[in-house]
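Only one structure is covered here, and it is reproduced in the block below.
The values are calculated or read from the model by the stated rules, or taken from the named source; none is laboratory data. None of these values were measured; they are calculated from a predicted model. Virtual Cβ from ideal backbone geometry, glycine too; neighbours counted across all protein chains shown.
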């Protein structure tokens with residue numbers, strides 16, 4: 001009887017999120033989003049990974065702080081389930097972050113909680129997108145620039161699907177000189193090392 005009760009208890013816990021000891025606060029997690037704009041992001045950056053967030057271990061649970069609509073905390077298991085085929089990659093700073101650095105990083109990123117998702121990929125803080133919040137948090141809190149910033153005109157904008165989306169959002173005034181940071185740039189960062197792949 002005890003074994004049955006124990007198994008029911010363990011199964012009940014499976015639907016909740018608990019701290020994952022192999023992931024650390026400040027780790028950066030990438031996956032292939034199922035959103036409508038995911039394919040366009042993949043095409044313009046030549047990278048399969050179109051969405052990312054920052055892992056935060058908080059109150060005994062593991063979360064992903066991410067810029068969606070709006071910027072929010074998402075339980076790790078739910079975040080993973082939103083990606084294509086549950087595939088994800090986790091990267092970490094090559095130089096380990098100490099407790100104080102992790103606290104500063106989270107505090108800085110949390111200032112954007114509740115902000116709308118930026119469909120125009122502007123560099124202002126009025127709205128914010130996934131790679132922007134990570135880059136700014138590391139830069140502002142720790143003085144670490146994970147990757148060089150780019151301009152929209154540096155991406156591959158030739159494909160018809162890309163042109164169509166840009167026309168829908170910008171009309172004839174495409175901001176080619178807008179400062180941008182793409183998930184691929186952070187994924188390729190020389191400061192990061194891969195620690196997990198599923």
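Which of the following residues is out of contact with any strand residue (DSSP E or B) (no Cβ under 7 Å at 6 or more places or on another chain), exposed (fewer than 14 other Cβ atoms within 10 Å of the Cβ) and part of a helix (DSSP H, G or I): 136, 102, 85, 158?
Working: 136 fails: exposed (fewer than 14 other Cβ atoms within 10 Å of the Cβ); 102 fails: exposed (fewer than 14 other Cβ atoms within 10 Å of the Cβ); 158 fails: part of a helix (DSSP H, G or I).
Just one listed residue meets the conditions, 85.
Looking at residue 145, is it under 21 Å from residue 53 (Cβ atoms), in contact with a strand residue (DSSP E or B) (Cβ under 9 Å, 6 or more places away or on another chain) and at pLDDT 95 or above?
no
Looking at the stretch 139-155, which of its residues are in a loop (DSSP other than H, G, I, E, B) and closer than 17 Å to residue 188 by Cβ?
Listed by number, the residues that qualify are 144, 145, 146, 147, 148, 149, 155.
With the condition kept exactly as written, say whether any residue in the stretch 135-158 is closer than 18 Å to residue 33 by Cβ and more than 17 Å from the chain's Cα centre (by Cα).
yes
Could you count how many residues in the stretch 96-135 are free of Cβ contacts under 8 Å to residues at least 60 places away in the same chain and farther than 26 Å from residue 45 by Cα?
Going through the stretch 96-135 one residue at a time, the tally reaches 12.
Every residue, every condition in (1) surrounded by 18 or more Cβ atoms within 10 Å (Cβ to Cβ); (2) modelled with pLDDT of 95 or more; (3) out of contact with any helix residue (DSSP H, G or I) (no Cβ under 6 Å at 6 or more places or on another chain), yes or no:
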site: 5; (1), (2), (3): no, no, yes
site: 18; (1), (2), (3): no, no, yes
site: 39; (1), (2), (3): no, no, yes
site: 50; (1), (2), (3): yes, yes, no
site: 56; (1), (2), (3): yes, yes, no
site: 64; (1), (2), (3): yes, yes, no
site: 69; (1), (2), (3): no, yes, yes
site: 79; (1), (2), (3): yes, yes, yes
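When you look at residue 24, is it part of a loop (DSSP other than H, G, I, E, B), surrounded by 15 or more Cβ atoms within 10 Å (Cβ to Cβ) and at pLDDT 95 or above, yes or no?
So residue 24 fits the description; yes.
Residue 146 - would you say it is surrounded by 18 or more Cβ atoms within 10 Å (Cβ to Cβ), touching a helix residue (DSSP H, G or I) at 6+ places or on another chain (Cβ under 9 Å) and closer than 21 Å to residue 57 by Cβ? Spell out the reasoning first.
Details: surrounded by 18 or more Cβ atoms within 10 Å (Cβ to Cβ): yes; touching a helix residue (DSSP H, G or I) at 6+ places or on another chain (Cβ under 9 Å): yes; closer than 21 Å to residue 57 by Cβ: yes.
So residue 146 fits the description; yes.
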